[in-house]
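Only one structure is covered here, and it is reproduced in the block below.
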Amino acid sequence: MDYNKGIHNKKTGLLKKTAALAIAAAMMTAFAFSVSAGGNPVPASGNSAYDMRTSKRTTTTRTSSSESPETTESTTATTQASTTTTTKPTGSELNENTVEDAVQTATELNEDGTPKITAGSACIMDCDTGMVLYGINENQQMPMASTTKIMTCILALESGDIGRTITVTDECMRLLDGTKIGLQTGYKITMHDLCVAMMMYSGNDAANTAAVAVSGSIEAFVSLMNEKATQLGMLNTHFDTPSGLDQFSDGAHYSTAFDMALLGRYAMQNQDFRTIVAFRVRDIYYDDFPKGRRMVTHNYLLQGQQYGYEGCDGIKTGVTNLAGQCLVSHVTSKEGLSLVCVTLNNLNRWSDHKTLYNYAKSLYEQVPVDPDISSFDSTVVGGNRKHVHVECKPDAVFNVLKSQSKDVVREVVCDQFIYAPICKGDVVGHLRYSVNGITIADYPITATEDIRSVTNGWFTDYVRAIEERVRSQK
């Protein structure tokens, strides 16, 4: 309506304005919570998390499961009342402190036995092998909202002393909207507490401050994010902001469910990261809160939370009008599985992640470790004894996909000669189980005694130097 020309008919004008607002609201609602249709199930694929080493002494055998498949978790649909809360967006981002999801606790499967979920894109990955267990549109580029902060946090943690104090600058206050913890120029806060604030509370000002502390500017940090993404193999990802606020990116901020699974898998290898994302409640300290401000996690899938799943110990939520509801989570199961799950543009993220985890766990069975590798002797070079006693104490069982249990290959990898000095507990070899070249279980072979060097180390160093020269010439 053009107010510069005046309003000649107030009643007509009011009706037009009301109708326009109603249409705009309907369009916003439809846009914010639209979910693209799921694609066809994608066959499992992936790459090895380890490189198989060659050895002078290698024995290989093929093994198969002697146990019957485990009984999978029930998939009986148990529907509870769903609740949705309409929230007022701030800019393009919904405030994660007020968003509630439409939660359906049923575990549902399609007719072909694959997970029935509401996400526009999804991926669940075995962290030990990098194998994709199930995916829907997992390579489709989509905005990922505040799950972006996984990358921001891991780069901040890898930058050095996380206990160091950071001073907030004007640069940190740029490109801000949505959820904030109230930082202002001149405030002081530790890098650790910035990471807690961005991962638990999803503070965009905390993410910006950490980014500027690491790289000097938001733009320089974004370049670092994209460089790290390339290193991790996130080939369909481009970061344009440390926080995930996609209204500032003009379509240049996107990833895929597969790429975010790669990122989650990598980040969970960092112990500081694992500790932070597992917090349910934590206090942080800065100028306005010298006695501490309580952070409460947004990840309600964590074990013990409102929609908790057994073994869930991370990672990060996200939601904007453009991205919809997003979630990257991780589960360490009682069976020893390490799984990361990603859903983008979702309606029922808590329920969908439970469905995907139940499905993934049902694909595995446990295979017993062969018992004939308990101990043996290896030849020693340059020691006061000619042999050293070594042993391997593996777990009783390991996990393997039911479809691959007959293809498991067992290898004992140990050098023919072990050079003195040797200390009790030194790793001198490995017992490995693999499928199609992908290691699925790895157990160290260790020395059980000390072997003293009788050459003062010079002979061992001489032999190793010759071997290294021969290897370099090949």
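The values are calculated or read from the model by the stated rules, or taken from the named source; none is laboratory data. The structure displayed is predicted, hence computed values, not measured ones. All Cβ positions, even for glycine, are placed from backbone atoms using ideal geometry, and neighbour counts span all protein chains on display. All accessible areas refer to the heavy atoms of the entire protein, side chains included, with ligands and DNA or RNA removed. Shrake-Rupley method; radii C 1.70, N 1.55, O 1.52, S 1.80 Å.
Can you pull out every residue in segment 314-339 that is at positive phi and surrounded by fewer than 24 Cβ atoms within 10 Å (Cβ to Cβ)?
Gly336
Each row is one residue, and each column tells you yes or no for (1) at pLDDT 95 or above; (2) within 16 Å of the chain's Cα centre (by Cα); (3) outside any loop (DSSP other than H, G, I, E, B); (4) not small (Gly, Ala, Ser).
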{"site": "Cys123", "(1), (2), (3), (4)": "yes, yes, yes, yes"}
{"site": "Asp128", "(1), (2), (3), (4)": "no, yes, no, yes"}
{"site": "Leu133", "(1), (2), (3), (4)": "yes, yes, yes, yes"}
{"site": "Ile150", "(1), (2), (3), (4)": "yes, yes, yes, yes"}
{"site": "Gly163", "(1), (2), (3), (4)": "yes, no, no, no"}
{"site": "Leu176", "(1), (2), (3), (4)": "no, no, no, yes"}
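Out of the residues in segment 174-195 that are out of contact with any Leu (no Cβ under 7 Å at 6 or more places or on another chain) and among the small types (Gly, Ala, Ser), state the one that is farthest from Lys291 (Cα to Cα).
So the residue we want is Gly186.
For segment 259-289, name all the residues that are closer than 24 Å to Thr237 by Cα, touching a residue at least 24 places away in the same chain (Cβ under 8 Å) and either open to solvent by 40 Å² or more (accessible area, probe 1.4 Å) or in a helix (DSSP H, G or I) (or both).
Asp259, Met260, Ala261, Leu262, Leu263, Gly264, Arg265, Tyr266, Ala267, Phe273, Arg274, Val277
If I filter segment 107-155 down to residues being open to solvent by less than 10 Å² (accessible area, probe 1.4 Å) and of a type in the set (Gly, Ala, Ser), which single residue comes out as nearest to Asn399 (Cα to Cα)?
The extreme case among them is Gly130.
Restricting to segment 373-406, and then to whatever is in contact with a Phe, Trp or Tyr (Cβ under 8 Å, 6 or more places away or on another chain) and in a loop (DSSP other than H, G, I, E, B), can you tell me which residue is surrounded by the fewest Cβ atoms within 10 Å (Cβ to Cβ)?
Here the residue is Asp395.
Return only the number of the condition from (1) among the hydroxyl-bearing types (Ser, Thr, Tyr); (2) in contact (Cβ under 8 Å) with a residue 12 or more places away in the chain; (3) closer than 25 Å to Thr275 by Cβ that Thr169 does not satisfy.
(3)
Conditions tested, residue by residue: (1) among the aromatic types (Phe, Trp, Tyr); (2) more than 28 Å from Ala447 (Cα to Cα); (3) at pLDDT below 90.
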{"residue": "Asp372", "(1), (2), (3)": "no, no, yes"}
{"residue": "Val380", "(1), (2), (3)": "no, no, yes"}
{"residue": "Gly383", "(1), (2), (3)": "no, no, yes"}
{"residue": "Ala396", "(1), (2), (3)": "no, no, yes"}
{"residue": "Asp415", "(1), (2), (3)": "no, no, yes"}
{"residue": "Tyr419", "(1), (2), (3)": "yes, no, yes"}
{"residue": "Lys424", "(1), (2), (3)": "no, no, no"}
{"residue": "Val427", "(1), (2), (3)": "no, no, no"}
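What is the residue count in segment 185-226 for residues that are closer than 20 Å to Ser329 by Cα and hydrophobic (A, V, I, L, M, F, W, C)?
Residues flagged as closer than 20 Å to Ser329 by Cα and hydrophobic (A, V, I, L, M, F, W, C) within segment 185-226 amount to 7.
Report yes if some residue within segment 231-240 is assigned to a loop (DSSP other than H, G, I, E, B), within 17 Å of the chain's Cα centre (by Cα), surrounded by 22 or more Cβ atoms within 10 Å (Cβ to Cβ) and among the polar types (S, T, N, Q); otherwise report no.
Yes - at least one qualifying residue is present in segment 231-240.
Identify all residues within segment 292-313 that are of a type outside the set (S, T, N, Q), in contact with a Phe, Trp or Tyr (Cβ under 8 Å, 6 or more places away or on another chain) and open to solvent by 40 Å² or more (accessible area, probe 1.4 Å); write none if there are none.
Across segment 292-313, the qualifying residues are Arg293, Val296, Tyr300, Tyr307.
Could you check Leu175 against (1) crowded, with 16+ Cβ neighbours inside 10 Å; (2) under 21 Å from Tyr285 (Cα atoms) and say which number it fails?
Of (1) crowded, with 16+ Cβ neighbours inside 10 Å; (2) under 21 Å from Tyr285 (Cα atoms), only one is false for Leu175: (2).
Counting just the residues of segment 240-289 that are in contact with a Lys or Arg (Cβ under 7 Å, 6 or more places away or on another chain) and acidic (Asp, Glu), which one comes out modelled with the highest pLDDT?
By that ranking, first place goes to Asp283.
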